[in-house]
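Here the structure is laid out as structure tokens; the discussion comes afterwards.
What follows draws every value from the coordinates through simple rules; no lab data is involved. Because the structure is a prediction, the values reported are computed rather than measured. Positions of Cβ are generated from backbone atoms using ideal geometry, with glycine treated the same way; all protein chains shown enter the neighbour counts.
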């Protein structure tokens, strides 16, 4: 049976409890300069005591803004996105904005629902890592004229705001690191090519081989879902194919960890049997005993830049933000983080095919 006795304290209740007028109480809660500091302190203390909660909807109708931003991300089970969300939330809070997260599971339909849900909540702006199955959702978002910034991914040919890392550079740094350590046959576990970061990391991988004067074995370039689902099955099938490779470059740290786990189950050791490099440097915030060699995308910088760009856009909806030259477009450099998963391969050591018997020591 529903309990109908629950009642939330109102502005009128707060005025009665403090002895001030509703107008004075309202202005004090909004930190208006014409209200004395001592009065503000007293009113805020009483508001906490009686459990007064500001009616955000009513305030937004009156003021024309909510000071709320929506963050739409693809897979919050991935620590990379969780870390980014924490940084977004911290940066937004410092500027007086609250934020809420919506997960899309990299699904275009769920992404559209997330956008519509955010708009229904009358958010001031949106930060989105687009699923990129198609352009429809971003074009719809553009039509709404609600300020938004893409983070981590972007659409070529669409005049929209974004903050991304230099994925091509990151792909190049990772592949070059393996090549410099004597690896010539490198398995690339890339994301789907409709995703901008997957295309650019592949371009970086190719660039590293070209600069080293090496040819790429097309059979060693394999696609995996960005959520990592099916990665173990793919690794198992590659082992059964007995493809020759000594290094692995994964689209993300999560995929790298999945590949590592699968190889360990098959009896192989990292980096003794295979060297491994990931992407995202999620271990920078996690206490992991064995460090993965990876590429840092500077998640904190990406997140704070995205929030600051969004605030810039929200505060100047009718004008182009001067700081960004009309559009907020930032490409942040990447950095190789050397861990413990890459071993230098000696040229005289014969390459062993995956799935074949291990050489005697």
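At residue 211 and residue 233, where each label point lies 7 Å from the Cα along Cα→Cβ, what is the point-to-point distance in nanometres?
Here the modelled spin labels are 3.7 nm apart.
Most mobile of 70, 159, 37 per a Gaussian network model of the chain (Cα springs, under 10 Å)?
Maximum among the listed residues: 37.
At each listed q (0.13, 0.15 Å⁻¹), what is the log10 of I(q)/I(0) that the Debye formula gives for region 30-151 modelled as equal alpha-carbon point scatterers?
Each listed q corresponds, in turn, to -0.62, -0.77.
Could you work out the per residue convex hull volume over the alpha carbons of region 11-54, in cubic angstrom?
Taking the convex hull of the Cα positions in region 11-54, it is 57 Å³ per residue.
Pull up the DSSP beta bridges for the chain and report the antiparallel fraction as a percent, rounded to 5.
Here the antiparallel bridges make up roughly 10 percent for the chain.
Which semi-axes, in whole Å and largest first, does the equivalent ellipsoid of the chain have when worked out from the alpha carbon gyration tensor as the square roots of 5 times its eigenvalues?
They are 50, 21, 18 Å, listed largest first.
If each residue's Cβ is checked for other Cβ atoms within 10 Å, how do 183, 330, 133 rank with the fewest at the top?
133, 330, 183
Given R₀ = 30 Å, FRET efficiency for residue 290-residue 98 by Cβ-Cβ distance, to 0.05?
0.20
In nanometres, what is the gap between the two model label sites at residue 140 and residue 344, each 7 Å from Cα along Cα-to-Cβ?
5.5 nm
Got a sec? How would 151, 83 order by Cβ neighbour count within 10 Å, fewest to most?
In increasing order of surrounding Cβ atoms, one gets 83, 151.
By how many degrees, between 0 and 90 and to the nearest 10, does the Cα long axis of helix 108-120 differ from the longest principal axis of the chain?
Between helix and principal axis, roughly 20 degrees.
Taking the alpha-carbon set of region 139-254, what are its Rg and Dmax in Å?
So, for region 139-254, Rg and Dmax equal 16.4, 53 Å respectively.
Counting other C-beta atoms within 10 Å, which of 338, 38, 200 has the fewest, and how do the rest follow?
Sorted ascending by nearby Cβ count, the order is 38, 338, 200.
Starting from the Cα of residue 155, move 7 Å in the Cα-to-Cβ direction to define the label point; list residues of region 67-88 whose amide nitrogen is under 20 Å from there.
The answer is 70-75, whose backbone nitrogens lie closer than 20 Å to the label point.
In degrees from 0 to 90, rounded to the nearest 10, what is the angle of the helix 37-50 Cα long axis to the longest principal axis of the chain?
Computed tilt is about 80 degrees.
Report the Cα centroid-to-centroid distance between region 154-187 and region 224-266 in angstrom, as an integer.
19 Å
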